[in-house]
Amino acid sequence: MNKKVAIIMGSSSDAEVMRPAAIALEKMGIESDFLVVSAHRSPHWMFEFAASVEERGIAVVIAGAGGAAHLPGMMAALTTVPVIGVPVKSSNSIDGWDSLLSIVQMPNDVPVATVAINGAHNAGILAAQILAVSEPAIKQKLEELKASNREKVETQNQSIIKK
């Protein structure tokens, strides 16, 4: 597999929120790029990056942003690869609600799949599910993850029954 996922964010202060996406992808054997690409502070770099995603082998973009949160929508406007938005509860946000609403309220023809506020882990899993459509090895790892989750629930049920 040569396709990878780009994990981008508007500021390095978002890195710890976004890192769980990279960890989830790594567990699935998916390579990722982890970069700051600011829609507001470096718009020319954002345009350049968006224009190069396919030549970079990027099949999915995970874009985290706080506050006005333009990065996911701008990436979706500039490329045809799927974009997953992660609303970030940042120091200048309104508990992340402004970011969530900014990302989820996209106009027609510019979709951004959106996960929970600070939900980068699920963004990584969703990116893996998108890639799994054409990658049997990733699909197998996702099936193993689902089986592991079912086993955890069964273990939890056994532990509460015994009490």
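Coordinate-derived values only; no laboratory data. As the structure is a prediction and not an experimental result, all values here were calculated from the model. Glycine gets a Cβ as well: all are built from the backbone with ideal geometry, and neighbour counts include every protein chain shown.
Observations on the structure shown:
- As a proxy for reagent exposure, ranking Ile84, Ile117 by other Cβ atoms within 10 Å from fewest up yields Ile117, Ile84.
- Sequence-separation-based contact order of the chain, relative, with Cα cut under 8 Å and 6+ spacing, percent: 23
- Summary of packing: across the peptides 148-156, 49-57, the per-residue average of other C-beta atoms within 10 Å ranks them, highest first, as 49-57, 148-156.
- Ranking of Arg41, Arg19 by count of other Cβ atoms within 10 Å, fewest first: Arg41, Arg19
- Residues whose placed amide H lies under 5 Å from that of Ala39, excluding near-sequence neighbours: Leu71
- Residue-averaged [θ]222 nm for the chain, counting only DSSP H segments that reach four residues, each worth -39500 (n - 2.57): -15000 deg cm²/dmol
- Of the residues Ser38, Ser13, the one with the fewest other Cβ atoms within 10 Å heads the list, and the complete ranking is Ser13, Ser38.
- Option label - percent of Cα pairs over 20 Å apart computed here, alternatives (1) 50; (2) 63; (3) 59: (1)
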